[in-house]
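Read through the structure below, which is laid out as structure tokens, and then see the notes.
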Amino acid sequence: MDITIYTSHTCGYCRHLKTLLTRANLEWTEYVIEESISLDDFKAQYPNVSKTPFVIIDDGNVKRNYEDIVQVAKFLVKEGLVEVPPKKEYDELTEEQKQTIVSEHGN
């Protein structure tokens, strides 16, 4: 499965997306807007996308575009890649632990 994500440094949902992908034991390629790709180039490639994170998942059969982290989560649950965790277990992680996990799995 080939996953590409477009993020920004100020996007809280982008951090949550990376945590979700990490839970699914997936690797991804990340483009940070205004760092890895200019905003103008991003808008030229994806003129109808207006927010981050923007996710492209290509499983070899279908290429899916997602502008909503909830859509990505539903796809991953449907594919059996993640389970809905007990809220208490997730809440017990510190922000530092969450960030460490994300940074270890991103590309």
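The values are calculated or read from the model by the stated rules, or taken from the named source; none is laboratory data. From a predicted model like this one, the values you see are computed outputs, not experimental measurements. Don't worry about glycine lacking a Cβ; one is built from the backbone with ideal geometry, like all the others, and counts go over all protein chains shown.
Give the range 45-67 a look and list any residue that's among the hydroxyl-bearing types (Ser, Thr, Tyr) and either in a strand (DSSP E or B) or surrounded by 16 or more Cβ atoms within 10 Å (Cβ to Cβ) (or both), or say none. Across the range 45-67, the qualifying residues are Thr52, Tyr66. Just one of the numbered conditions (1) more than 23 Å from Val62 (Cα to Cα); (2) loosely packed, with under 13 Cβ neighbours inside 10 Å is not true of Ile37: (2). Filtered by the rule that a residue be touching a Gly at 6+ places or on another chain (Cβ under 7 Å) and not charged (D, E, K, R), the range 17-38 gives a lone residue, Trp28. Report, by residue number, each residue of the range 29-77 that is more than 15 Å from Met1 (Cα to Cα) and among the basic types (Lys, Arg). Passing the criteria: Lys43, Lys51, Lys74. When the residues of the range 69-107 are filtered to those that are out of contact with any helix residue (DSSP H, G or I) (no Cβ under 9 Å at 6 or more places or on another chain), at pLDDT below 65 and in a helix (DSSP H, G or I), the one that is farthest from Asp58 (Cα to Cα) is Lys88. With respect to (1) surrounded by fewer than 17 Cβ atoms within 10 Å (Cβ to Cβ); (2) modelled with pLDDT under 95; (3) not acidic (Asp, Glu), the lone exception for Val32 is condition (2). Determine whether the range 19-34 contains at least one residue that is assigned to a helix (DSSP H, G or I), farther than 24 Å from Gln97 by Cβ and without any contact (Cβ under 8 Å) to a residue 40 or more places away in the chain. So far as the range 19-34 goes, no, none of its residues is assigned to a helix (DSSP H, G or I), farther than 24 Å from Gln97 by Cβ and without any contact (Cβ under 8 Å) to a residue 40 or more places away in the chain. Scoring Arg15 on the criteria (1) part of a strand (DSSP E or B); (2) within 24 Å of Thr94 (Cβ to Cβ); (3) of a type in the set (D, E, K, R) leaves a single failure, condition (1).
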